[in-house]
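The structure under discussion appears below in the form of C-alpha cells.
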Amino acid sequence: MLRHKLFATAAFAVAISLQVPAFAQDDPVVAKVGKLEIHQSELDIAVQNLDPQFAQLPDDQKKVAALSGAIDVKLLASEAQGEKLQDSDDFKKRMAYIQDRELHNAYFRKHVVDATTDAEVKARYDKEIASLPKQEEIHAAHILVKTEDEAKAIIAKLDKGEDFAKLAKENSQDSNKDDGGDLGWFGHGRMVPEFETAAFALKKGEYTKTPVKTQFGFHVIKLEDTRVAPPPPFEQVQDQVKQLVMRDKYVAIIDQAKKTEAVDIVDPALKKGYDDVSKMQQDGGDAAPAAPAEAPKP
C-alpha cells in the first residue's frame with residue numbers, strides 16, 4: 001500500500017513539473033504509451049523533479065517512480081489534447097509563464113551556477129573568516145557533586161595536591177567522570193551562566209576555590225587551557241559559502257537587468273513590499289532573491 005502511495009505521489013510530482021525536451025538522436029526510447037514515446041531525457045527530467053521524499057531511495061527505485069509518473073503524464077496529456085485543453089487561454093498563459101521560468105533557470109544555471117568557480121568560493125571563505133570577530137574558547141574540566149560540603153571537601157584535597165582527574169573519577173556525578181570531568185573546548189553561551197562566569201574567570205591551571213552552584217548541583221571547575229576559537233574548516237562550510245557567492249551573482253545580474261528594463265508595479269501595496277525586499281537585497285540582508293521555486297539547485 002505504501003509503495004502504491006509513493007508511486008502515486010511521484011506521478012503527481014512529475015505531472016506538475018515535467019517538460020518535454022527537444023530530442024537528440026542519441027536519446028533512446030525507454031518506454032512507449034500507445035503511439036507516444038518516453039525518451040531517456042524525459043526520464044532524467046522526471047527523476048530530477050521527484051518529490052523530496054524520494055531523495056533517500058536507491059537510484060533504481062527513483063527511476064521506477066519517475067517512470068511511473070512519466071507514463072501517467074503521457075496518458076493524461078494525450079487525453080487532454082483530445083479535449084483540446086491546450087487551446088484554452090488558461091493553458092496558454094501557464095505555458096507562457098513556464099517558458100519564462102525555464103529560460104530564467106537556464107540563464108541562472110549558465111551565468112550563476114556554472115560560472116561560480118572553486119577559487120571564488122575559497123576567496124569568499126577567506127574574506128568571511130577574516131571579518132569574523134575573535135572568539136575566546138576555554139578547555140575546562142569539572143567535578144559535580146550534590147552538596148556544597150562535598151564540593152568543599154574536594155577543594156580541600158586539591159589544595160593538598162591531589163589529582164583533579166582522579167578526584168573526578170571517584171566523586172563526580174556527571175556522565176563524563178570517566179574522562180576526568182573533561183568538558184572539552186567551549187565558548188561563551190554554551191554553559192549555564194553561573195558555571196560560565198566562574199570558568200572564564202580562572203587562569204590556566206587554576207581551579208575554583210569555592211563551590212559553584214547551578215541547577216545541576218555544586219561544581220569544582222578547573223581551567224585547562226584557553227585559545228582563540230578556530231574558524232570552521234572550509235570543507236565544512238563550502239556549500240554555504242557557495243550559496244553566498246551565487247546569491248551575490250544573482251542579485252548583481254538582476255540589478256543589471258533592471259537598469260535596462262524598467263519595473264513598474266501598479267498596485268501600491270505590492271510596490272511597497274517589492275521595494276522593501278529589493279532594498280534588503282541591495283543592503284546585503286537576509287531576504288532571498290525572488291527566484292522561482294523551480295530555480296535549479298547547484
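A few notes on this one:
- Residue 117-residue 29 FRET efficiency (beta carbon distance; Förster radius 51 Å; 0.05 resolution): 0.85
- Take every pair of alpha-carbon atoms less than 8 Å apart whose residues are at least six positions apart; their mean separation over the length of the chain yields a relative contact order of 16 percent.
- Computed over the chain, Cα set: Rg, Dmax in Å: 30.6, 94
- Listed by chain and number, the aspartates and glutamates whose C-alpha is less than 20 Å from the C-alpha of residue 203, apart from same-chain residues fewer than 8 away, are 136, 137, 159, 162, 163, 182, 194, 224, 225.
- Relative contact order (%) - criterion: Cα under 8 Å, at least six apart; region: segment 136-228: 43 percent
- Translational diffusion of segment 136-228, µm² s⁻¹ [Kirkwood Rh, Cα pairs; Stokes-Einstein; 20 °C; 1.002 mPa s]: 167 µm²/s
- Stretchable slack from residue 80 to residue 96, in nm (0.36 nm times residue separation minus alpha-carbon distance): 4.0 nm
- Exceeding the 31 Å Cα-Cα cut-off - candidates 177/204; 84/271; 134/204: 84/271
- Projecting the Cα atoms of 214, 53, 153 onto the dipole axis of the chain, where Lys and Arg carry +1 and Asp and Glu carry -1 at the beta carbon, places 153 farthest toward the positive end.
- Theoretical FRET efficiency, 1/(1+(r/R0)^6), r = Cβ-Cβ of residue 178 and residue 228, R0 25 Å, to 0.05: 0.25
- Extension gain, residue 252-residue 64: 0.36 nm per intervening residue step, less the Cα-Cα distance, totals 63.6 nm.
- Kyte-Doolittle at least -0.5, axis length at least 18 Å by Cα - qualifying DSSP helices, the chain: 2-15, 59-82
- Dipole-positive endmost among 167, 189, 139 within segment 136-228 (Cβ charges, Cα centre): 167
- Hull volume in cubic angstrom per residue (convex hull over the Cα atoms of segment 73-155): 332 Å³
- Mean Cβ neighbour count within 10 Å, used as a protection proxy, ranking 195-205, 41-51 highest first: 41-51, 195-205
Just so you know, all these numbers are worked out from the coordinates, no wet-lab data involved. All values derive from a computational prediction rather than experimental measurement. Backbone-built Cβ (ideal geometry, glycine too); neighbour counts: all protein chains shown.
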